[in-house]
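The values are calculated or read from the model by the stated rules, or taken from the named source; none is laboratory data. Predicted, not measured: the structure shown is a model, and the values here were computed from it. Quick reminder, even Gly has a Cβ in these numbers, built from the backbone with ideal geometry, and neighbours come from all protein chains shown. What goes into the accessible areas is simple: the full protein's heavy atoms, side chains included, and nothing from ligands, DNA or RNA. Shrake-Rupley method; radii C 1.70, N 1.55, O 1.52, S 1.80 Å.
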Amino acid sequence: MVATAATSSFFPVPSPPGDAKSSKVGSGSASLGGIKSKSASSGALQVKANAQAPPKINGSPVGLTTSVETAKKEDVVSSPAPRTFINQIPDWSMLLAAITTMFLAAEKQWMMLDWKPKRADMLIDPFGIGRIVQDGLVFSQNFSIRSYEIGADRTASIETLMNHLQETALNHVKTAGLLGDGFGSTPEMSKRNLIWVVTRMQILVDRYPTWGDVVHVDTWVSASGKNGMRRDWLVRDAKTGETLTRASSLWVMMNKVTRKLSKIPEDVRGEIEPFFLNSDPVVNEDSTKLPKLDDKTADYIRKGLTPRWNDLDVNQHVNNVKYIGWILESAPPPILESHELAAITLEYRRECGRDSVLQSLTAVAGAGIGNLGSPGGVECQHLLRHEDGAEIVRGRTEWRPKHANNFGMMGQMPADESGA
């Protein structure tokens, strides 16, 4: 009774309105004091008031009042256990069990994801900035081919490969500690407002990588005449070592304020010469002169090409990778559908600004479009020009039938070089 009274002081039960002493349930009545249950002949429970005086705590009478509603329910359902301080404490075990179940379910789902790579080549970090190897003269970096970098043929586009080449060139300069304020400029170049501009580029593609492939790119620089620099790239499959692409380019310096070409200052030469590798070009130089096209000699012309803001680099001119996309805008659709680009040579003659309006011209050499069914390749001449006729880029492309034996088609390829 003392425990019941103490519990009632902490968990008071509101009494129904009216005189509790006059409440009757069945043959029993409820009042202040203890609760005593007695079974009736019908099996129902009857509640009787105990004649004992109500207990007091701190001088105040306390007790339990049974509501009419509760008593009515007790006529049918067995009376619950008396309320005590212990059974009013929240059941923390239920809460802990729920939390434990949630953690176990989350752990099971995480293990079912099986995030560990199943292929050894996927262990390569495609986001790494790369490293300098071979006595500090060659820069290497890996790239994973993303789903958004492939085209209709499910292979990487030529623009994707060009972006890899440009990225490794800049990371090479950065890793070597030669990156100044400009886009690939050394500290001494930045002091003189000098930047690098590409004048010629050759790319030979043996095979295009596909989605999920990891490519390994090596790049290095060499001297080219008195005021130029040559940069070469060798792209291979990171898993098999198969050569995928070779590329070689020539660069000169330009003042980004006057937009005129410049000689290499001695202080700049002192910065870059320690990183020159004495080697032959990875691609045999194509000395064939690129012809100039006009409206009469071109078979296809695409007009009204305009640069977007996102096409500009930090030097405020159009990125050279964008030129390739514009050149291919005028390539005949039958060639794009049945052939793949095997080689491209570009001569950059003038830069392109944000407000330029361009035209892309293409001429198909030889038998032309009507001979696409032959097993041989197709050659095209290209010109990208301003609307006023000023030349921006001359180009030549070589195409081979899709799914052909790539190695058999590239007889002009030089022997494989490791970049040493």
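Computed values, structure above
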| item | result |
| --- | --- |
| Count of residues meeting criterion [in a helix (DSSP H, G or I) and either basic (Lys, Arg) or under 12 Å from residue 384 (Cβ atoms) (or both)] in the range 288-327 | 7 |
| So residue 342, is it touching a residue at least 40 places away in the same chain (Cβ under 8 Å) and over 25 Å from residue 160 (Cβ atoms) | no |
| Per-region count, the range 236-258, residues open to solvent by 10 Å² or more (accessible area, probe 1.4 Å), part of a strand (DSSP E or B) and either of a type outside the set (A, V, I, L, M, F, W, C) or touching a Phe, Trp or Tyr at 6+ places or on another chain (Cβ under 9 Å) (or both) | 9 |
| Single match in 137, 170 (criterion: more than 23 Å from residue 316 (Cβ to Cβ) and open to solvent by 20 Å² or more (accessible area, probe 1.4 Å)) | 137 |
| Residue selected from the range 173-182 under the condition small (Gly, Ala, Ser) and over 15 Å from residue 314 (Cβ atoms), by the criterion least open to solvent (accessible area, probe 1.4 Å) | 176 |
| Condition met for residue 284 (within 28 Å of residue 145 (Cβ to Cβ), outside any strand (DSSP E or B) and modelled with pLDDT under 95) | yes |
| Number of the exception - residue 287 against (1) small (Gly, Ala, Ser); (2) surrounded by 15 or more Cβ atoms within 10 Å (Cβ to Cβ); (3) free of Cβ contacts under 8 Å to residues at least 60 places away in the same chain | (2) |
| Test for residue 154: is it modelled with pLDDT of 90 or more, closer than 29 Å to residue 341 by Cβ, loosely packed, with under 14 Cβ neighbours inside 10 Å and in contact with a Phe, Trp or Tyr (Cβ under 7 Å, 6 or more places away or on another chain) | yes |
| Whichever residue in the range 205-227 is out of contact with any helix residue (DSSP H, G or I) (no Cβ under 9 Å at 6 or more places or on another chain) and modelled with pLDDT of 95 or more and, among such residues, is least open to solvent (accessible area, probe 1.4 Å) | 222 |
| Residue in the range 259-280 that is farthest from residue 139 (Cα to Cα), counting only those that are assigned to a loop (DSSP other than H, G, I, E, B) and open to solvent by less than 50 Å² (accessible area, probe 1.4 Å) | 265 |
| Qualifying residue in the range 342-356 (condition: among the acidic types (Asp, Glu) and in contact with a strand residue (DSSP E or B) (Cβ under 8 Å, 6 or more places away or on another chain)) | yes |
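Table: residues versus (1) under 22 Å from the mean Cα position of the chain (by Cα); (2) over 26 Å from residue 260 (Cα atoms); (3) not acidic (Asp, Glu).
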residue: 164; (1), (2), (3): yes, yes, yes
residue: 181; (1), (2), (3): no, no, no
residue: 199; (1), (2), (3): no, no, yes
residue: 202; (1), (2), (3): no, no, yes
residue: 210; (1), (2), (3): yes, yes, yes
